[in-house]
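The values are calculated or read from the model by the stated rules, or taken from the named source; none is laboratory data. Everything numeric in this text was worked out from a predicted model, so none of it was measured. Glycine also receives a Cβ, built like all others from the backbone with ideal geometry; neighbour counts cover every protein chain displayed. Surface areas here come from the heavy atoms of the whole protein model, side chains and all, with no ligands, DNA or RNA. Shrake-Rupley method; radii C 1.70, N 1.55, O 1.52, S 1.80 Å.
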Amino acid sequence: MRLQALVWDIDGTLAETEEPGHRIAFNRAFEELGLSWRWDSALYGELLRVTGGKERLLAWWLRIDPQAAAAPAAAATVRRLHELKTAHYLALLDSGGIALRPGVQRVLEEAGAQGLRLAIATTTTLDNVTRLLDVTLGAKGAGMFEVIGAGDVVPHKKPAPDIYHWVLQQLALPAEACLAIEDSAAGARAARSAGLPVIVTRSRYTAGEGVGAVLADLDGLGDATTAARGTTAGQAWAGVVGVDVLRAWHGAARR
Ligand code: XBP
Ligand code: MG
């Protein structure tokens, strides 16, 4: 089936948001609420195995103090912490320290110009998505995407396929007409479980993960100055990923 839509993950794929954004924001929320919790990069890398900020907070709390984390008041504390974290994250985006990854804007614009439909399937909070698009792509940013599937719109976060099912339903497209672009094992699994072919552009925290069967496993999309590197169909590959390349990989998956 002909490629009709690209479905993008946000965190790690559109931008490197975890280290300079989410991790710092969690720590600022802990500080603001007078908690001594601090997540350094090594610990955060481990905690990222749990997708979703609220889910990650609860998993951490259960690990260090299962009794307190199981108490009736815990859910409200997690919610409050997550609200504070989101506010800090949005402020970090506003300060301009987070850019799109190389090649992302180029591929988005090329895809739009060629009539490919664009969508987002992410675990993060919707406000985080729209603000990232505003600060990196300007006023046209969010409007480039026909469908934005984010956060709690579905009951189960990645690696569950729910968010991809939701996006496919909104697009009214079968999974085979789409291509998912992800950076992590959890994301690739979510897309694959919903039937979408996947390419992976690995990010800081996902470099060593086993991502399972994907059409291409790359270190990025590449741009005019730096080629992307990785593998496709078991062969080494280096180049600049454009819509023509994505169409070729998608077509090969169908043969
Ligand atoms: C990203 C995440 C997100 C962010 C935090 O996973 O796990 O939870 O770290 O966002 P993916 P919230 O890239 O696979 O979607 O705190 O808003 O949940
Ligand atoms: Mg991701």
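From the protein chains alone at 1.4 Å, what is the descending order of accessible area for Asp223, Asp134, largest first?
Sorted by accessible area, descending: Asp134, Asp223.
For segment 108-208, with every protein chain kept in place, what is the accessible area per residue (1.4 Å probe, Å²)?
Details: 3710 Å² over 101 residues.
I get 37 Å² per residue for this part.
What FRET efficiency comes out for the pair Glu19/Ala113, r = Cβ-Cβ distance, R0 = 41 Å, nearest 0.05?
According to the calculation, E is roughly 0.80.
On full extension of the chain, what length is gained from Met144 through Ala70, given 0.36 nm per residue of separation minus the C-alpha to C-alpha distance?
Between Met144 and Ala70, full extension yields an extra 22.4 nm.
Just subtract the alpha-carbon distance of Ser95 and Leu126 from 0.36 nm times their residue separation and send over the number in nm, one decimal.
Working: separation 31, 0.36 × 31 = 11.16 nm, distance 1.87 nm.
9.3 nm is the gain from fully extending Ser95 to Leu126.
Could you state the number of Å between the C-alpha centres of segment 27-59 and segment 124-140?
When both Cα centres are located, 23 Å separates them.
Percent antiparallel among DSSP beta bridges with both residues in the chain, to the nearest 5? Don't skip to the answer; put the middle values down first.
Details: 9 of 27 bridges.
Of all bridge pairs located within the chain, approximately 35 percent are antiparallel.
Determine which lysines satisfy two conditions relative to Lys85: a Cα distance under 19 Å, and not lying fewer than 8 residues away in the same chain.
Of all the lysines, those that pass the test against Lys85 - Cα under 19 Å, at least 8 places apart if same chain - are Lys54, Lys157.
Quick one: order Glu32, Glu18, Glu46 from most to least accessible surface, probe 1.4 Å.
Greatest to least solvent exposure: Glu32, Glu46, Glu18.
For Arg247 paired with Leu33, estimate the spin-label separation in nm (one decimal), with each label point 7 Å from Cα along the Cα-to-Cβ line.
Going by the 7 Å Cα→Cβ label model, 4.9 nm.
What number, rounded to the nearest 500 deg cm²/dmol, is the helix-based mean residue ellipticity at 222 nm of the chain, given -39500 (n - 2.57) per DSSP H run of at least four residues and division by all its residues?
-12500 deg cm²/dmol
Using a Gaussian network model on the chain with a 10 Å cutoff between Cα atoms, which of Thr13, Thr201, Thr232 fluctuates the most?
In the Gaussian network model the winner is Thr232.
Between Ala227 and Ala87, take the C-beta separation as r, use R0 = 45 Å, and let me know the FRET efficiency to the nearest 0.05.
0.70
By how many nm would the segment from Leu62 to Ala238 grow when fully extended, if each residue of separation counts as 0.36 nm and the alpha-carbon distance is taken off?
Net length gain for the segment: 59.0 nm.
Ala15's amide H: which non-local residues (gap 5+, or another chain) put their own amide H closer than 5 Å, with H modeled 1.01 Å from N in plane and none for Pro or chain starts?
So Ala15 has HN proximity to Arg101.
Roughly how many percent of the accessible protein surface of segment 18-94 is carbon and sulfur, given a 1.4 Å probe and a whole-percent answer? Each step should come with its number before you reach the end.
Working: 2110 of 3770 Å².
Its accessible area is 56 percent carbon and sulfur atoms.
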